[in-house]
Every structure is written in C-alpha cells, then in structure tokens.
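In what follows, a structure is listed as structure tokens, so that the remarks can point back to it.
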Amino acid sequence: MSSTRVLLLSLTASALCSLAATPIALGHGDVTPQVVDTSTLAPLGEEWRTENPYRGNVQAVEIGKSGYNQNCARCHGLEVVSGGIAPDLRRLPLDAETDEYYMESVRRGKSRNGAIYMPPFEGILSQEAMWAIRAYIDTQYAND
C-alpha cells in the first residue's frame, strides 16, 4: 500500500474516532434546570394545590411558556409538540384529576426499573412555576 493511501486512511480513521468521541446534543436547550421567575404571580403558599389555580391566567401562561421552553421542551418538544422522546402533553385532559397527575409527575419525576425518564423538579421549580407551565400546556391542548 502506498504511503499516501496509508496516510489518507489514518486521517480518515482519526476523524471518525474524533466524531465518535464528541458528545452530540440532540435535545433542545441546556440540560440544567432553569429558574422560572414567578414574582409577578400570586403566591400559592406552602400547601401543594391539586388543581391549577392559574388556568386561564394570561400572565401565568406567558411565564409558563418561558418555563416550559427552558425546562421541558428538550424532551416534550418545542411549543409542546412532542418529537417522540416523551409523552405529548397536548393530550393531557383539562381537568382536576389530570392536574393532580401532572403535579405528581413533575414533583416526583418518572422512573421505571431504576431508569430515570424524567427528573423530579420539586425543590428546583416552585409550585407557582409548575402551575404556570401547566397553564401554558393547557393553551396547546389538542383533542384530535
């Protein structure tokens, strides 16, 4: 084999190894949870609510949209349109029972057989931030 061909093969192999060793970001946004500023919303107190107190609140929806895009979109999809990695949240029914399920899921996260599918956000996001995000998700509801 000629020295030019050996050199070309070596360079190709090196390039492929470099690409394989480089982490590729396939998700949306930073994986570090982002703070959601809810200072303009009415505080909810210490007791966790089971039904969304911000449903239909325009200001909460705007805050929730920002919070969703910073913390949820990487798995649940930009503008709540799932890319298949995680459940399509546009299909969550708009009722108190689903509110309770939503809050439990966000607070505790989701795991199966020891694998974490969704990290717990309790202690990271406030109750106000979680409900504002739910208020935003509600505006994207799709029943088709």
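The values are calculated or read from the model by the stated rules, or taken from the named source; none is laboratory data. Quick caveat, the model's predicted, so the values are computed rather than measured. All Cβ positions, glycine included, derive from the backbone under ideal geometry; neighbour counts span all protein chains shown.
Here are some conditions: (1) modelled with pLDDT under 95; (2) of a type in the set (A, V, I, L, M); (3) in contact with an Asp or Glu (Cβ under 7 Å, 6 or more places away or on another chain). Residue 41 meets all but one. Which one does it not meet?
(1)
Go through segment 72-95 and give me each residue that's among the aliphatic types (A, V, I, L, M) and within 15 Å of residue 141 (Cβ to Cβ).
80, 81, 89, 92, 94
Between residues in segment 28-52 that are within 23 Å of residue 99 (Cβ to Cβ) and residues that are modelled with pLDDT of 95 or more and among the basic types (Lys, Arg), which pairs lie under 6 Å by C-beta distance while being six or more apart or on different chains?
Hits for this filter: 52/134.
Within segment 38-93, how many residues are outside any loop (DSSP other than H, G, I, E, B) and in contact with a Cys (Cβ under 9 Å, 6 or more places away or on another chain)?
2
Which one of 127, 59 is modelled with pLDDT of 95 or more, surrounded by fewer than 15 Cβ atoms within 10 Å (Cβ to Cβ) and within 21 Å of residue 37 (Cα to Cα)?
Answer to the selection: 59.
Quick one: which of 106, 81 is among the β-branched types (Val, Ile, Thr) and exposed (fewer than 14 other Cβ atoms within 10 Å of the Cβ)?
Going through 106, 81 in turn, just one is among the β-branched types (Val, Ile, Thr) and exposed (fewer than 14 other Cβ atoms within 10 Å of the Cβ): 81.
Taking the criterion of being among the small types (Gly, Ala, Ser), on the phi > 0 side of the Ramachandran plot, at pLDDT 95 or above and out of contact with any Cys (no Cβ under 6 Å at 6 or more places or on another chain), would at least one residue in segment 26-35 satisfy it?
Scanning segment 26-35, I find no residue that is among the small types (Gly, Ala, Ser), on the phi > 0 side of the Ramachandran plot, at pLDDT 95 or above and out of contact with any Cys (no Cβ under 6 Å at 6 or more places or on another chain), so the answer is no.
Do any residues in segment 65-85 that are free of Cβ contacts under 8 Å to residues at least 24 places away in the same chain have Cβ atoms under 9 Å from those of residues that are among the β-branched types (Val, Ile, Thr), where the two are at least six apart or on different chains, and which pairs are they?
That search, which allows pairs on different chains as well, returns 76/85; 76/137.
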